[in-house]
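Comments concern the structure below.
The values are calculated or read from the model by the stated rules, or taken from the named source; none is laboratory data. Predicted model only: the values in this text are computed from it and were never measured. Positions of Cβ are backbone-derived with ideal geometry, glycine not excepted, and every protein chain shown enters the neighbour counts.
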Ligand SMILES: Nc1ncnc2c1ncn2[C@@H]1O[C@H](COP(=O)(O)OP(=O)(O)OP(=O)(O)O)[C@@H](O)[C@H]1O
């Protein structure tokens, strides 16, 4: 397998000897260092020939083509389908022409140990003077055919790769998961893909088809962003995860029911009571029941006069729509020293309200009180809001409910252009006793939606106070289609011949269905953007899948490389080439895995400076994971020996050494 060729003649280290050419053979042999590296560092003492022109004519002819070289003539298929030499047979001896077709050794018998001396034309070998390393249990399929490793290697911490299914008798049975390389699920650390199998070809269902990895890039072209999740998305997700876990060490907020670790999300200095009739607060809290984080809205000093009022939240729990903040529960509490109403909803980290997004004042004192003049909201964003809220209203009205509060401070932006109606259901509890008819409330939802878009398009929370002026602004900045849509929403009754009632002569019903039909074209556009966004996220997910695959491989390599404790104390199960007292990490396949680690991570340039080339690392690790036939030259740390080894052999070495570790771990644990 590992073939070595030496530096200075007679050098022999770490079980790898350098074959020494003798007599005529050396005089007329071209140095392989030159073939591979382009130069030989031992040129002064090396007995091989370094200048091709110095080769004798015969040897020279082998290396070069010139105008006298015979042209290449492909074999021609005979009528019976077999390949027959045509004119070639005339040029070579009949014996040679009738020679058997060459069959690579490894194809003759898949069960045999792969040929470790397979001769490469360029790396032809002299008689090997050292013992080859042969992995004991390599049989092209299972590292441990006896299956003992499978039992020994059972890891209770690994995710089981079997899917439990219920048989007709009600008993649990294990169904085979076709996507798992180890269908028994018993092998050690089955969280490693293919932990106990060796595959010569990549498993295509494990690889994301992102095309070739970028290699041969210049230094300045290589950035981590080329390979991993985009920087913006990474920061966004990490920020959300950090914010979601944030707690205040000396918080005076009490735990409420099963909710603990309360953090107040309200940063507003001035609280108004106009919307609910009560001062409201929003907290982030963790539930001890399921460990999830929720948002709790508290209405201070709320007195529940009717038991049924709080039950009006029940139907809201069934509203499951992407544009509504999901409601989970409602209860009253005295934990704050008053009687408070608590509404439990989904928590969306780092979200802000449309009011915060669009009506924020400039922080500079001289601009105090002024809206951001530059923030003209693109029309597509407004249509996005309209479509999302229309979809929310469709779900809400369809459940026999009304949103009742569609106002900029109660619509959350949870990610870019993604909005959700917040604070639904609260007015149903608060105004339970003096509620208006549902049809009226639902019609009002559409009116509030018109007002919301009017205010955002005008960049002003009070734009609805002067509708004519605000509509003029929309006329100047947006299409007639948007203007007509807002007008339709704001009008108490639908009028004929509006975009939302395209052909009708009679007034159309003013409900959410009519509205949705009127904006169908915009819904198609928004839907298409959503699909594109989903595609982008899937591509990103695919890239991260690659990263996790590489991470698993790295973890495995690090388990193996330079393990000190296995050196003498623990008998190594396979122990093919070593006695138990020999250094496990320094012998057999572990030795060239160590050199491989140096090759991947510890490369230096011509001046001895470290090379930190991410593309090189990923390239090597991907080839290792795929078990490529490509060969690489691994140089010993003393630079005296070179091992030529294929990624396929390295991969087999990783699997075998890892199985050794699993077995040693289980044996010693008894
Ligand atoms: N479900 C939620 N998930 C995450 N954050 C939320 C959630 N609900 C509200 N918030 C955060 O709490 C902040 C305060 O919300 P709230 O509804 O009280 O708005 P407000 O601007 O304070 O309005 P008001 O003046 O009516 O109290 C929001 O800006 C938002 O950042």
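For segment 476-494, the condition of being at pLDDT below 90 and either exposed (fewer than 14 other Cβ atoms within 10 Å of the Cβ) or in a helix (DSSP H, G or I) (or both) holds for at least one residue.
Against the criterion of being under 30 Å from residue 477 (Cα atoms), within 16 Å of the ligand (Cβ to nearest atom) and modelled with pLDDT of 95 or more, residue 381 does not qualify.
Residue count for segment 404-437, restricted to those that are away from the ligand (no atom under 14 Å from the Cβ) and touching a strand residue (DSSP E or B) at 6+ places or on another chain (Cβ under 8 Å): 1.
Just one of the listed residues (221, 273) is over 20 Å from residue 349 (Cβ atoms), modelled with pLDDT under 90 and within 15 Å of the ligand (Cβ to nearest atom), and it is 273.
I need a count of the residues in segment 339-351 that are surrounded by fewer than 17 Cβ atoms within 10 Å (Cβ to Cβ) and either under 34 Å from the mean Cα position of the chain (by Cα) or within 6 Å of the ligand (Cβ to nearest atom) (or both).
So the count comes out to 1.
For the criterion of being buried (at least 21 other Cβ atoms within 10 Å of the Cβ) and either more than 20 Å from residue 511 (Cα to Cα) or at pLDDT below 95 (or both), residue 426 passes.
Checked against (1) away from the ligand (no atom under 11 Å from the Cβ); (2) buried (at least 18 other Cβ atoms within 10 Å of the Cβ), residue 306 passes all but a single condition, namely (2).
For beta carbons closer than 8 Å, sequence separation of 6+ or different chains, a first residue in segment 261-274 that is within 17 Å of residue 301 (Cα to Cα) and part of a loop (DSSP other than H, G, I, E, B) and a second that is near the ligand (Cβ under 6 Å from one of its atoms) and at pLDDT below 95, the qualifying pairs are 271/280.
Screening residue 285 against (1) more than 8 Å from the ligand (Cβ to nearest atom); (2) part of a strand (DSSP E or B); (3) more than 33 Å from the chain's Cα centre (by Cα) leaves a single unmet condition, (3).
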